[in-house]
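Student: Shown below is the structure under consideration.
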């Protein structure tokens, strides 16, 4: 039976009550999933009297003979969503440990939650959290759905391995608006798997009508009436429905304020707060709350703000899907359009405020940052949506509130989908979206992976999750999640920490690291059986040894010495036993059992391991103030290492002893031991360990003095970071921050400052920790990768040249700060200008380059462009000029590289004999170099040039004199390509197999040559036989050749076969170029738009400039980094 809970909303029944907001139970959706917040918005505060239905749902999920589908059917207001959302958030105990749910609740009253695209996005987000796969930035609709189904299979398999069942839950099939317009006749139901993988079960719910969509095949389980389970209607629910609709009709005839409140909430599709409605209506807050809380209490429901749930105002939405539909119908489209216009004007007042206020100020309503884009997407106002989601100031405000860029990236992807769905996708809109998406991605690449753990310790898991989800690199995400799991375990929530580790981490080392933290926390709480079970479950042997050692140490710290000794002695592997003894002995000494600790350490027969264990005891004694005993044990440890001869073992043991001696105050002996290490890396690591030990005892001055020793800059930076961690852990935050600030590299500085914030949070100094963590985020996001910035500027300059604005292109190239990048960009500009047959201008640009080698590079590029255009006379003239310039270069290695480039240009111009002569001169120059590495690199360049001019035999001869295997491989690839280009495919393939390490790259070159010669079938077959990523590389070449021969359909199919989004974007771009050259600009436009949706704008930019130059020229400032221009 339905009823109102104490916190408002709709409950069911009268007997059994479940409060899903106050319950501490784990939900069935993955803990990392942002969709949990959506489920909580849907669930009622209380669920009453549904024990039988809960039991039936549990049986369907758990019983082996059930499945694969069940369909709960009922009319409106029967409590379907309340039942299923509560089941997800607060399941029965027997279900929680054996079921993993991915869920989607189709909801018309929540903007952007009632389409197939929203279903795919929500499930993809949950499944990537489960599988730790990295979702492609954007792929076309068909591939995204195929990828989703593949993810379902992966997740089901992963769950099976954990002895858990995956359940897909979809509520509200009747609310699906995917087919409403008729433009996209594919429903959510049509995407549900007919044969769920690996034991997966599917729960769906909805009304009996409308009928099953046409795109669901006749053999699909949804068409089996046997899967239907009727949910009985509640008389009280019918009363609520009747009263709610009556309230709607009364509001429509009520006061102007009442009409406005209903119209605005219906038009906004939920999410407006009382203060928002006050601004929109001009009514007082008391009058608004009087309507929403009392007069129309059945019509509206309240939810906490998503990003500021503690202090933010509550937001309002219509209390049921039926009410949303009824309100939309009653108000009517003309009046809804008027209310939307009012919402637009309100949004514009925050985007461009009056009175000198900044755009999107701190008091911007959350609705304009979260709900408003969904309303625009739902109503199809794409142009306004593009303007909104490409606004960097708005995204900065969203970052301030949410702590990450996940929401910003998600709304951009939604907008891209809408643009692509149009009959004529807007190229400029797609370029703007791509620029914004790329910039958001770039600004998160330097976020320290342990920063999210700080927010977890501070009790802000939503901010931690937003930060993790902003990291688009899978490896970085996993590192961050491992740190979050460790922080969660340290905070005592070991069950949640273990669940996070097992569902979020796939890298064995990171999983082992997280499980070690959980095992240690379990042992510290006295749960030894579970702690040992967890430690033994770690797959990697070295990490399992660390986990067992952590458990043994925790046992000893609790005074359970017998248990700790028994665990350590039980390890048969010497390494595992040594680590466990060392950890236990150190903990014993720290807790006062000095003699027992020393005796236990001496049980290790291996002198190296014994030295490490004794060193741990000595360090613990020194820390506890027992200086004399510490020195005695430290001396014994030092004696133990004297007989060690293996350099690795000796360095490890010596470092442990040096740490112990430093802790006892014998700094000179500690320093002497580290100085005895001859290997710079081992010495640096030992010095670091000693410095950390000194910092931990409060001797910061001596610790800093060690850092001043002459070390490699990278090693020195690592050393500083470790000392910062120790100084901060000792509570000297100011000193730690000062040391961290001394790091010149901003990324390392951010990492070091994060350790300071971690220490503050661990010491319950939450205000300072929050301040430092916030500063770290700002520092990390302010970093600009110089090489990334330089590459982008080069791409823009080249595209501007392609678009025909040569002066601007040269100016952009000369704006490079770094001279090599400036010259490299001028080379690209000169080549683009030459490709447009502006040869004189291209040569002028080339000869303006100051470095002669780059001049030659630019002139040879211009010569090749002229040859490609069929102007061989001009090509020969330009190549001859390059030849003369190359011979005048005084520096021998630079001259070799320049002559090799000239040889290739002469061959392209048809002067093969002259090309061989120049290559011979280059070879002589290479052989005259006395430095072996430089000589071999020069010979490799010459060999590649010889292969390129059609002389693979000479190239192979040069390869015989090259000893470096990677350089040999480069020559092999060039020779195989040349042989294949000459038509001898069998020999080319045989050459590829001769060097297994380079086989795939060589075979890729062979496939390219086959395609260029028109043998498309053989090239395609060879490409598909390769492993990734070489398959994608070959497919691009084959697609380009097929498209050039006007086989556009086949070329597009080959391009879409590329698995990696970046590679696929490149393939789509080369096909688009060929299609546009044929005059089919509409088809080419769509292909370029898809490329922009998948990858960086740098990939399709030149093609975009060639065929739609004004689009690029209008966006040069934004492309060059000035996004707010």
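Derivation of every value follows stated rules applied to the coordinates shown; laboratory data play no part. All of these numbers come straight from a predicted model, not from anything done at the bench. Here the Cβ is made from the backbone with ideal geometry for all residues, glycine too, and neighbour counts use every protein chain on show.
Student: Evaluate E = 1/(1 + (r/R0)^6) for residue 679 and residue 1028, where r is the Cβ-Cβ distance and R0 equals 41 Å; express this FRET efficiency to the nearest 0.05. Numbers along the way, then the final one.
Tutor: Numbers: r = 38 Å, r/R0 = 0.93.
The value I calculate is 0.60.
Student: What FRET efficiency comes out for residue 997 versus residue 352 if R0 is 56 angstrom and r is the Cβ-Cβ distance? Round to the nearest 0.05.
Tutor: 0.40
Student: Taking the highest mean first, how do the peptides 925-938, 380-393 order by number of other beta carbon atoms within 10 angstrom per residue?
Tutor: Going by the mean number of other Cβ atoms within 10 Å, highest first, we get 380-393, 925-938.
Student: If you don't mind, another one. If the chain between residue 890 and residue 363 were fully stretched, how many nm would it gain, using 0.36 nm times the residue separation less the Cα-Cα distance?
Tutor: Full extension of this stretch gives 183.2 nm more.
Student: Describe numerically, in nm with one decimal, the distance between label points set 7 Å from Cα along Cα→Cβ at residue 290 and at residue 605.
Tutor: With each label placed 7 Å out from Cα toward Cβ, I get 9.0 nm.
Student: Give me the percent of Cα-Cα pairs in the stretch 373-473 that sit more than 22 Å apart, rounded to a whole number. Mind dumping the intermediate values first?
Tutor: Details: 1721 of 5050 pairs.
Distances greater than 22 Å cover 34 percent of the Cα pairs.
Student: If you take every DSSP beta bridge whose two residues both sit in the chain, what share of them, in percent to the nearest 5, is antiparallel?
Tutor: Details: 11 of 31 bridges.
Roughly 35 percent of the DSSP beta bridges within the chain come out antiparallel.
Student: Ratio of Rg to Rh for the stretch 1015-1125, alpha carbon only, Kirkwood?
Tutor: 1.03
Student: Summarise the long-distance tail of P(r) for the stretch 293-345 by giving the % of C-alpha pairs beyond 17 Å.
Tutor: Roughly 55 percent, rounded to a whole number.
Student: Which shape class applies to the stretch 561-704: rounded if a/c is under 1.5, otherwise prolate when a/b exceeds b/c and oblate if not, where a ≥ b ≥ c are the square roots of the Cα gyration tensor eigenvalues? Mind showing how you got there, number by number?
Tutor: Working: a/c = 2.00, a/b = 1.27, b/c = 1.58.
Note, shape of the stretch 561-704 comes out oblate.
Student: Just order 408-419, 622-633 by mean Cβ neighbour count inside 10 Å, highest at the front, would you?
Tutor: Ranking the peptides 408-419, 622-633 by packing returns 408-419, 622-633.
Student: In addition: Using all C-alpha to C-alpha distances in the stretch 636-726, build P(r) with 5 Å bins and read off the rounded percent in each one.
Tutor: Here the calculated profile for the stretch 636-726 is 3, 16, 28, 25, 17, 8, 3.
Student: Next question, about the same structure. For q = 0.14 Å⁻¹, what log10 I(q)/I(0) does the stretch 924-1052 give under the Debye formula with an equal point scatterer on each alpha carbon and no solvent?
Tutor: Values, matching the q order: -0.60.
Student: Same structure, new question: Under a plain spin-label model, where a point goes 7 Å from the Cα along Cα-to-Cβ, how far apart in nm are residue 527 and residue 393?
Tutor: 5.1 nm
Student: What is the distance in Å between the Cα centres of the stretch 680-757 and the stretch 1052-1092?
Tutor: Measuring centre to centre over Cα atoms gives 50 Å.
Student: Peptides 451-459, 97-105: what's the order by average Cβ count within 10 Å, highest mean first?
Tutor: My ranking of the peptides, most packed first, is 451-459, 97-105.
Student: Right, another one. So how compact is the stretch 799-940: Cα radius of gyration and Dmax in angstrom?
Tutor: 15.1, 46
Student: What are the semi-axes of the equivalent ellipsoid of the stretch 865-977, taken as the square roots of 5 times the eigenvalues of the Cα gyration tensor, listed largest first and rounded to whole Å?
Tutor: Values for the stretch 865-977, descending: 24, 17, 9 Å.
Student: Can you bin the stretch 795-839 into rounded, prolate or oblate? Criterion: square roots of the alpha carbon gyration tensor eigenvalues sorted a ≥ b ≥ c, rounded for a/c under 1.5, prolate for a/b above b/c, oblate for the rest.
Tutor: Values: a/c = 2.41, a/b = 1.70, b/c = 1.41.
Judged from the Cα gyration tensor, the stretch 795-839 comes out prolate (a/c at least 1.5, a/b above b/c).
Student: To the nearest 0.05, what FRET efficiency results for residue 1045 and residue 186 with a Förster distance of 35 Å applied to their C-beta separation?
Tutor: 0.55
Student: Right, something else. Assuming 0.36 nm per residue, please report the length gained on full extension of the stretch residue 984 to residue 934 beyond their Cα-Cα distance.
Tutor: 14.7 nm
Student: Follow-up. Here are several values of Cα Rg over 2.2 N^0.38 Å: [x] 2.04; [y] 1.07; [z] 1.12. Which one was derived from the coordinates shown?
Tutor: [y]
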